[in-house]
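Undergrad: Take a look at this one; I'll ask things after.
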Amino acid sequence: MGEQLAQIVKLKNMMLLVTNGPRTGQYDPKAVPDKVKLPVHEKNSDIDLVSKAFLKGVKSILDNEAEEKVKFENFVFGKPSVFKGYLGAAIENEKSIVVIGGESSSQITQALDLVPGRLYIKKNTAMNDVHEKQVNKILETNKGAKLLNDNEVDLIINVITDEAYSDAEIVAKEFEEENHFFNEEECLYEVIGYTLELGTV
């Protein structure tokens, strides 16, 4: 994906702010089917192989411009993630685009709430069935996110000020539609009952 994002940066004359997460490159791909944890994201540890491959792809497109155009921050346990800071920068600049991997459920939800219309989701092999269902549901029901297809570089920036719903709002709307015959008190009881049931597991 490094090459693809670098092409977007070049085409639109943008900066690329990149960070990884605690699970990025955590397991040795050569150890399949066994899961062998690698010593990454620790203080003084080397950058993980996935991030290295990403940055190599970026460098192959931007070449000497990479140092000026790209800011990479490696996640390290015990240090705050820069994700929220990067998201804050995107909020401040309405020409920004946010690209998040489909396996990052919480980050997708945050970006969907804060920068609707500028969020692109990239599917990848790190996604499981739950991630796939969540992403597909968001893309089906929400105008605030789009799928980043392979080789797509001319992205549309479409700032949305209304009609963008968070995951919670989508669930609430579906619940309301499915239970439209309930009165308000009964609906409230159903939601509370379901929550309490989950809480006892």
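Here, each number is a calculation from the coordinates, and none is a lab measurement. Values in this document were obtained by computation on a predicted structure and should not be read as measured data. Glycine gets a Cβ as well: all are built from the backbone with ideal geometry, and neighbour counts include every protein chain shown.
Undergrad: According to a simple spin-label model (label point 7 Å from Cα along Cα-to-Cβ), what is the distance in nm between Lys79 and Lys52?
TA: The modelled label-to-label distance comes out at 1.8 nm.
Undergrad: Quick one: 3J(HN,Hα) in Hz for the range 95-105, Karplus 6.51/-1.76/1.60 with θ = phi - 60°, rounded, Gly and Pro as x.
TA: Working through the residues one at a time gives 8, 7, 10, 10, 10, 10, x, x, 7, 8, 4 Hz.
Undergrad: So for Arg23, Arg118, fewest C-beta neighbours within 10 Å to most, what's the order?
TA: Result, fewest neighbours first: Arg23, Arg118.
Undergrad: Label the range 60-117 by shape, choosing from rounded, prolate and oblate, from the square roots a ≥ b ≥ c of the eigenvalues of the Cα gyration tensor; if a/c is under 1.5 it is rounded, and otherwise prolate applies when a/b is larger than b/c, oblate when it is not.
TA: Note, shape of the range 60-117 comes out oblate.
Undergrad: Further question on the same structure: Where nothing but the Cβ of Lys and Arg (+1) and of Asp and Glu (-1) is charged, how large is the charge dipole of the range 31-131 around its Cα centre, in debye to the nearest 20?
TA: 80
Undergrad: For a quick check: with amide H placed at 1.01 Å from N, whose amide H comes under 5 Å from His41's, ignoring anything fewer than 5 positions away on the same chain?
TA: Long-range HN contacts for His41: Asp48.
Undergrad: Checking the table Lys69/Lys146; Lys43/Lys133; Lys37/Lys146; Lys43/Lys143; Lys10/Lys35 against a 28 Å threshold on Cα-Cα, which pairs fail?
TA: Pairs exceeding the cut-off: Lys43/Lys133; Lys37/Lys146; Lys43/Lys143; Lys10/Lys35.
Undergrad: Would you calculate the separation in nanometres between label points at Glu94 and Glu140, each defined as 7 Å from the Cα along the Cα-to-beta-carbon direction?
TA: Here the modelled spin labels are 3.3 nm apart.
Undergrad: Using the basic label-point model (7 angstrom from Cα toward the beta carbon), what is the Met1 to Val153 distance in nanometres?
TA: 1.8
Undergrad: If you count the DSSP beta bridges with both ends in the range 2-161, what percent of them are antiparallel, to the nearest 5?
TA: Restricted to the range 2-161, the bridges split so that about 10 percent are antiparallel.
Undergrad: Next question. Leaving out same-chain residues fewer than 8 places away, which lysines sit with a Cα under 17 Å from that of Lys84?
TA: Excluding near neighbours in sequence, the set is Lys71.
Undergrad: Please give the contour-minus-distance gain from Asn44 to Lys30: 0.36 nm per residue of separation, less the Cα-Cα distance, rounded to one decimal in nm.
TA: Taking Asn44 through Lys30 to full extension adds about 2.7 nm, to one decimal.
Undergrad: Also: Amide H of Lys122: which non-local residues (sequence gap of 5 or more, or other chain) have their own amide H closer than 5 Å, using H built in the peptide plane?
TA: Ile100, Gly101, Gly102, Leu148
Undergrad: Additional query: Over its Cα atoms, what ratio of radius of gyration to 2.2 N^0.38 Å does the range 2-161 give?
TA: Dividing the Cα radius of gyration by 2.2 N^0.38 Å gives 1.05.
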